[in-house]
Amino acid sequence: MKKLQVFLLALGLFVGTGTVMASEVLPVPMSPESTQEISKLLKNPKFTVADDCRATVEFVMNKHGEMVILTVDAEDKQLEKFLISRLNYQTLESPLEIGKTYTLPIKLVAIF
């Protein structure tokens, strides 16, 4: 009987862990106004963009209406530093929900 209880406990943990690991966090949509504001914050980088660069930024809005950068996924460290310096703790006029995690894909285009 004890082996059956241990087996059922192990099975419950396995199924519960698999369900949690399989759940995917869906990105929260942003308004076009917010996207335009962020785009303005990223204009005129102080470095030369030789090739098109892509990055993904995850952030939340704090109670003061400021963007708090959680992660930046970029291949170029210079791009990563640029994004953090330009976006972290910046306020946006368009309202975003406080505490929700937003995912923002970014593409910098090289201009010759």
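Laboratory data are not the source of any read-out in this text; all were calculated from the coordinates shown. Remember, predicted model here, so these are calculated numbers, not experimental data. Because the Cβ atoms are built from the backbone with ideal geometry, glycine has one as well, and the counts that use them run over all protein chains shown.
Magnitude of the charge dipole for the range 27-108, about its Cα centre and with charges confined to Cβ atoms of Lys, Arg (+1) and Asp, Glu (-1), is about 200 debye. When each of Glu93, Glu33 is scored by the number of other beta-carbon atoms lying within 10 Å, the sequence from fewest to most is Glu93, Glu33.
Counted by Cβ distance under 10 Å from Phe82, the other residues give a net charge of +2, where Lys and Arg count +1 and Asp and Glu count -1. Taking 11 Å as the cut-off, the amide N atoms of the range 39-61 that come nearer than this to a point 7 Å along the Cα-to-beta-carbon line of Glu75 belong to 51-55. Using Stokes-Einstein with the Kirkwood hydrodynamic radius over Cα pairs, what translational diffusion coefficient do you get for the range 27-108 at 4 °C and a viscosity of 1.567 mPa s, in µm²/s rounded to a whole number? This corresponds to a translational diffusion coefficient of 100 µm²/s.
Close Lys pairs in the range 27-108, defined as Cα atoms under 15 Å apart and 8 or more places apart or on different chains, number 8. Were the residues from Asn62 through Val109 laid out at 0.36 nm apart, the gain over their Cα-Cα distance would be 13.9 nm. Exposure proxy shown here: for Val68, Val57, the number of other Cβ atoms within 10 Å sets the order, fewest to most, as Val68, Val57.
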